[in-house]
Every structure is written in C-alpha cells, then in structure tokens.
Amino acid sequence: MVHNLCRTFALAIIKKAECNFLLGITVNRLLSFLLTLLLCSISFSVAADNSKSVTVYALSGEASYLAAGAASPQKQSLSKGQQLPLAGTITVGNNSRLGLRFSDGRLVRLRENSQLILSPATESEEESINLLSGAVHIFNRVSKAKYNVKTPEVSAAIRGTELSLSTRGG
C-alpha cells in the first residue's frame, strides 16, 4: 500500500513536471512569437520611413543638398551612397553630374549646373520634382509611380517610364 502510494505520488510529481515543462515551452513559443511580431512591426515602420528618401548612386564633381524647412539653411556636400530626405533642393555644380535612386526604383540623373527641388507627396498632391534650371533624365522601369515634374516653363504629370527635360530657368 505504501509502495502504491509512493508510486502514485511519484507519478503525480512527474506528470506535474511534464505539464510545467510543456507549459514552459508554450510560454516560450508565445513570447518568441510576440517578440517576432514586435520586431517585424519595427522593421516595417523603418521601411515606411525609408520610402520617402533618395539615395545618391552616382556623383561626378560637386553637388549639394539644402533640406526643406531647415531652421538654419545650410547646404551640405553630397557623396555617393548618401541618403537624403524627399524634401529639399539639390544643386549640381559646374562640370558635374549626379544620379539619384528613389526608393520605388526610379533613377534621376542631373547634368551640370542643374537645380532641382524634391517635394514629397501630400494628401492633396502627388510627389513632385521641380527642375529650376539645368537638365534631368528620369528613368523608371520598376514601379508605376505617379509624380509631377515642374519647370519654370511647364508642369506635367508623369505616368511613363522615361523622360528627358532641360530648362534654362527663369
């Protein structure tokens, strides 16, 4: 009888230990799953922030960037690989060329003595590229992006894949 009681007690302890072990695994899996969801949501929010940026993929000579709405306007020199917000003025110097890659895959190349204003999309307007002076070549084979291109002479909504444009400004 004592032997059966000890045996029953031992089996109860083992079952409780198994149950705690399985519960521990379940809790660990649940915590891992929740942590994974948290990390994914963080990476998606970072990706959303990066979607409104432009990367300098090519630079020959000198080019500068002036952030839109900066408290103290200060031009910064651009370098290859640099990431810029999609709001500001880009100026390309004498005997210089600049290539920009938008997060949606568009490529924009600027020739020497070009000045371009980038404006992000708002609730009421599409993204716009305002070429104040110089020449630009826009190449888009990746996405169906909708954006506006403006110059001092003309404004157009672009839906195509390739566009070359030049203006003297004024």
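Details
- Summed residue charge, Cβ within 11 Å of residue 102's Cβ, Lys/Arg positive, Asp/Glu negative: +1
- Dipole magnitude for the stretch 88-170: computed about the Cα centre from +1 point charges on Lys and Arg Cβ and -1 point charges on Asp and Glu Cβ, it is near 340 debye.
- Peptides 99-107, 115-123 ranked from most to least packed, by the mean per-residue count of other Cβ atoms within 10 Å: 99-107, 115-123.
- Protein heavy-atom surface of the stretch 92-164, 1.4 angstrom probe: 47% of the accessible area is carbon and sulfur, with nucleic acids and ligands not counted.
- Inter-site label distance for residue 67 and residue 148 at 7 Å from Cα along Cβ, in nm: 2.5
The values are calculated or read from the model by the stated rules, or taken from the named source; none is laboratory data. This is a predicted model, so every value here is computed, not measured. Every residue, glycine among them, receives a Cβ derived from its backbone with ideal geometry; neighbour counts consider all protein chains shown. Only protein heavy atoms, including side chains, enter the accessible area calculation; ligands, DNA and RNA are left aside. Shrake-Rupley method; radii C 1.70, N 1.55, O 1.52, S 1.80 Å.
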